[in-house]
Amino acid sequence: MSATDAAVAEEQNIAGRRRSRERSTDSGSRSLSGEKAQRIIDAMRRSVAQRGTAGSTFDHVSREAGVSRGLLHYYFGTKEQLLAEAVRRDCELRLERLQMQLATANTADDFIDLMVQTLRETISEDPDFVTLMFEMFSLSRRNAEIAVEYAGLMRNTREQVAEMLAAAQREGVLSLHAEADAVAEVLFSIGDGFALRMLTEPHRDYSATIHAGILCVRTLLTD
């Protein structure tokens, strides 16, 4: 078996184990109440922001969430899987909110303004989310199972935003100058890069940088 075949087989095995876990959860054998699950995920977010993934032990997270350590092991297995679940839920909520906001856009400028607003609000009000994403990326470079989880998450968010872009084009709000999937990838790349730099130098004035970014994005979204 070649190295490529082995890698594909490993990815399929990991994906199969993930589907098995999801079927188990869907059947109710390991259903966790929404309120308790949210406490655990919020505690993991805070812990990762403060200590990183390596320092976020189940002892820390369970204590902050007010649940037993055994409960975390039972529902999530490892802290890496808990991190993946925290990122997944965060992304789902953000995409839902973004979709509702973008549905109100009547022009390309409205669309762009809403995306800039989302970036600014994330940096100022929820920088832990950015930390969480980069922690998961870093972990994915060393953990094959998390690599599959992370790639799936990136693919899902890209596809959903691409559909939002395509819908806006069908409605005459946008005029895309590349495939919707490619435009979505570029928008994420710009946003991720801005977020990293803005958090690295929080006291710097990024107005000119954001304006330059808007000019770049406008060439992709408007005539």
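General remarks:
- Any hit, segment 74-91, residues being outside any helix (DSSP H, G or I) and over 14 Å from the mean Cα position of the chain (by Cα): yes
- Residue match in segment 114-128 (condition: acidic (Asp, Glu), part of a loop (DSSP other than H, G, I, E, B), modelled with pLDDT under 95 and out of contact with any His (no Cβ under 9 Å at 6 or more places or on another chain)): yes
- Flag for residue 104 being part of a loop (DSSP other than H, G, I, E, B), at negative phi and either touching a His at 6+ places or on another chain (Cβ under 9 Å) or modelled with pLDDT under 95 (or both): yes
- Flag for residue 80 being of a type in the set (D, E, K, R) and either surrounded by fewer than 17 Cβ atoms within 10 Å (Cβ to Cβ) or over 23 Å from residue 37 (Cα atoms) (or both): no
- Any chance residue 172 is part of a helix (DSSP H, G or I) and of a type outside the set (A, V, I, L, M, F, W, C): no
- Of all residues assigned to segment 168-179, none qualifies as being surrounded by fewer than 18 Cβ atoms within 10 Å (Cβ to Cβ), under 29 Å from residue 200 (Cα atoms) and touching a residue at least 60 places away in the same chain (Cβ under 8 Å).
- Only one of the numbered conditions (1) at pLDDT 95 or above; (2) among the charged types (D, E, K, R); (3) in contact with a Gly (Cβ under 7 Å, 6 or more places away or on another chain) is not met by residue 135, and that is (1).
- Considered as a group, the residues in segment 84-137 that are surrounded by 15 or more Cβ atoms within 10 Å (Cβ to Cβ) and among the hydroxyl-bearing types (Ser, Thr, Tyr) include one that is farthest from residue 220 (Cα to Cα), and that residue is 131.
- Residues in segment 119-135 that are touching a residue at least 60 places away in the same chain (Cβ under 8 Å) and either of a type in the set (Ser, Thr, Tyr) or under 25 Å from residue 81 (Cβ atoms) (or both): 122, 127, 128, 129, 130, 131, 132, 134, 135.
- Lone qualifier among 148, 217 - being of a type in the set (Val, Ile, Thr), surrounded by 19 or more Cβ atoms within 10 Å (Cβ to Cβ) and modelled with pLDDT under 95: 148
- The residue of segment 183-214 that is surrounded by the fewest Cβ atoms within 10 Å (Cβ to Cβ), among those that are among the hydroxyl-bearing types (Ser, Thr, Tyr) and either in contact with a Ser or Thr (Cβ under 8 Å, 6 or more places away or on another chain) or farther than 19 Å from residue 109 by Cβ (or both), is 200.
- Entry remark, segment 140-159: residues being within 15 Å of residue 78 (Cα to Cα), under 14 Å from the mean Cα position of the chain (by Cα) and touching a residue at least 12 places away in the same chain (Cβ under 8 Å) number 2 in total.
The values are calculated or read from the model by the stated rules, or taken from the named source; none is laboratory data. Not measured: the values here are computed from a predicted model. Cβ sites come from the backbone with ideal geometry, for glycine too, and all protein chains shown count toward neighbours.
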